[in-house]
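The next block holds one structure in the form of structure tokens; read it before the comments.
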Amino acid sequence: MEDIHRRIPHRPPFLFVDRIIEINAEDATCELSVREDFDIFKGHYPNNPIFPGVLSCEAVFQTGAIFLSEKIGQDELNSSSVTPVLSRIRDARFKRMIKPGDLIQIKVFLQDQIGQFYNLRGEIRLKGKVVTTVSFALALVRSEQSS
């Protein structure tokens, strides 16, 4: 967990990556163990708990931020002067449900960069099968204090 905390500013209860598997020049792979004790399951849905699609997308976005931390240098991204901010979501698809107890693999791929915007594509797999796909853009935003 320390490796993740060094790379991105996200913290519990809004951290949806448990482990970094691999980061290279083109992509990154992380994991999340969807624990039964996540507070979200108290309301989504108590009698049939399902990990929300929006949070599966958030896991992909956080994996994208981890990827960018390696690409541009983790010290800059995790510093208080730069924050990875979601700027676009395209074509999110949910093919299977994620349930408590599932171990999901999250993978992101860099498509291109335009200025401060990084266009990425991500997917989540469960037992080798695609669960979620989404294309998105992250912008690296400097805080006003560092200007």
Output yes when any residue across the stretch 24-31 is in contact with a Pro (Cβ under 8 Å, 6 or more places away or on another chain) and either loosely packed, with under 14 Cβ neighbours inside 10 Å or on the phi < 0 side of the Ramachandran plot (or both), and no when none is. no
I need a count of the residues in the stretch 81-96 that are within 15 Å of residue 58 (Cα to Cα) and either modelled with pLDDT of 95 or more or in a loop (DSSP other than H, G, I, E, B) (or both). 9
Is it the case that some residue within the stretch 54-73 is over 23 Å from residue 136 (Cα atoms), over 15 Å from the mean Cα position of the chain (by Cα) and surrounded by 12 or more Cβ atoms within 10 Å (Cβ to Cβ)? no
When residue 36 is evaluated against the numbered criteria (1) touching a Pro at 6+ places or on another chain (Cβ under 9 Å); (2) part of a helix (DSSP H, G or I), which criterion, by number, is the only one it fails? (2)
How many residues are out of contact with any strand residue (DSSP E or B) (no Cβ under 7 Å at 6 or more places or on another chain), in a helix (DSSP H, G or I) and either of a type in the set (Val, Ile, Thr) or on the phi > 0 side of the Ramachandran plot (or both) if we restrict to the stretch 1-23? 0
Are any residues in the stretch 107-147 at pLDDT 95 or above, touching a strand residue (DSSP E or B) at 6+ places or on another chain (Cβ under 7 Å) and over 21 Å from residue 24 (Cβ atoms), and if so, which ones? 126, 131, 132
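The values are calculated or read from the model by the stated rules, or taken from the named source; none is laboratory data. Note that this is a predicted model, so its numbers are computed, not measured. Every residue, glycine as well, gets a Cβ built from its backbone with ideal geometry; the counts of neighbours run over all protein chains shown.
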